[in-house]
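The values are calculated or read from the model by the stated rules, or taken from the named source; none is laboratory data. Quick caveat, the model's predicted, so the values are computed rather than measured. We place every Cβ from the backbone using ideal geometry, glycine too, and count neighbours over all the protein chains shown. Ligands, DNA and RNA are excluded from the accessible area calculation, which covers all protein heavy atoms including side chains. Shrake-Rupley method; radii C 1.70, N 1.55, O 1.52, S 1.80 Å.
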Amino acid sequence: MRYLCMVLSILLLSASFCKASHLKGPGLSYAFLIGRLSEDVPKERLSQWHENTRTLADKALLLGPSDSWRPLLKETLALAEVEGVIVEAPHTLKNSMHSRGESVPVARLIEGRIGYLYLPDMTSPTFPAAEFFQSLRALCLRYAGRKLLGWVLDLRDTGAYDAPGLWWALRVLFPAQGDAQAVTKQERRLQHTKNIPLAILISEKTRYAAEQVAISLLTRPLAKSFGRATLGERVFFEPVVLSHHLRVYLKRLPIQGPKEVPLIPQVPTQDEEGDQDHTLNAALKWIVGFEAPQESTSDSESVQDKEPS
């Protein structure tokens, strides 16, 4: 039941992600952030909070398009006594700490018949979240129509705050059991992927949204987890999108259940040794045990970042 609640939470939040992703500028959604934070302020502090918001609104009006919103957002969260993570990606990725290989999802085919998708860590304060999710969704759509023996989703290095954004990108390739969201004509052909094996690789670095997505996908009939146990930090982050380059993730504790419950892999594996990836090898051995159509195609492929529409 707890896992079902997590699935429903991600599905419901993904709708708000799609709507929020089209906002034009920080000023338009800062008022929404203020309103959202007001819901968390205890009644006895509401009067003082409303006085604070007038001061904060005046400061917001003074900020120009090229100014950093980080100091104001930190002050806003502190006054509301709410924990949050601010992701303010540079407007140009050329001077960013993220190289092309670190901020772009990469997929390849193993022996032409098993898909492999690796996702990097997304928890840096300057991670280009909007561009990454657009790239990931485009990559998933590119591979979704191929009839393969199975898929490997490598989340061993994946930390992420934005469960709705991550799910919005992945669901076109890996729809979860019970995912009843409306799909486009282009996406209707993707439903066959529910019927092929999906190996999910996890480790202690699989955190937050990545762990939630892994739990959701493990509800599929042909899904199995491999690797090492996660830390089990069962906290949720509610995304508030101020612009394509500026987001605030409000930290939320689980609605029910203990705060720390590690996700234990169904097939535990030892650490990698030299060039031997025991976790990936175990996953491939499991997938090869299933019979499915084969298709030979290019060995690797990646997708470049692009501005969201």
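Please go through the stretch 53-88 and give me each residue that is open to solvent by 30 Å² or more (accessible area, probe 1.4 Å) and over 29 Å from the mean Cα position of the chain (by Cα), ordered by number.
Residues satisfying the conditions are 54, 55, 57, 58, 59, 61, 62, 63.
Could you tell me which numbered condition residue 159 fails, if it satisfies all but one of (1) modelled with pLDDT of 90 or more; (2) open to solvent by 30 Å² or more (accessible area, probe 1.4 Å)?
(2)
Which residue pairs have Cβ atoms closer than 6 Å, lie 6 or more positions apart in sequence or on different chains, and pair a first residue in the stretch 203-222 that is farther than 15 Å from residue 171 by Cβ and touching a residue at least 40 places away in the same chain (Cβ under 8 Å) with a second residue that is polar (S, T, N, Q) and assigned to a loop (DSSP other than H, G, I, E, B)?
Within 6 Å, the pairs are 206/158; 206/230; 211/230.
Condition first: out of contact with any helix residue (DSSP H, G or I) (no Cβ under 9 Å at 6 or more places or on another chain) and surrounded by fewer than 17 Cβ atoms within 10 Å (Cβ to Cβ). Now tell me which residues in the stretch 124-145 satisfy that.
126, 142
Which condition from (1) modelled with pLDDT of 50 or more; (2) aliphatic (A, V, I, L, M); (3) surrounded by fewer than 15 Cβ atoms within 10 Å (Cβ to Cβ); (4) more than 27 Å from residue 89 (Cα to Cα) is the one that residue 8 breaks?
(1)
Looking at (1) surrounded by fewer than 17 Cβ atoms within 10 Å (Cβ to Cβ); (2) touching a residue at least 12 places away in the same chain (Cβ under 8 Å); (3) acidic (Asp, Glu), which one does residue 111 not meet, given that it meets all the others?
Residue 111 satisfies all of (1) surrounded by fewer than 17 Cβ atoms within 10 Å (Cβ to Cβ); (2) touching a residue at least 12 places away in the same chain (Cβ under 8 Å); (3) acidic (Asp, Glu) except (2).
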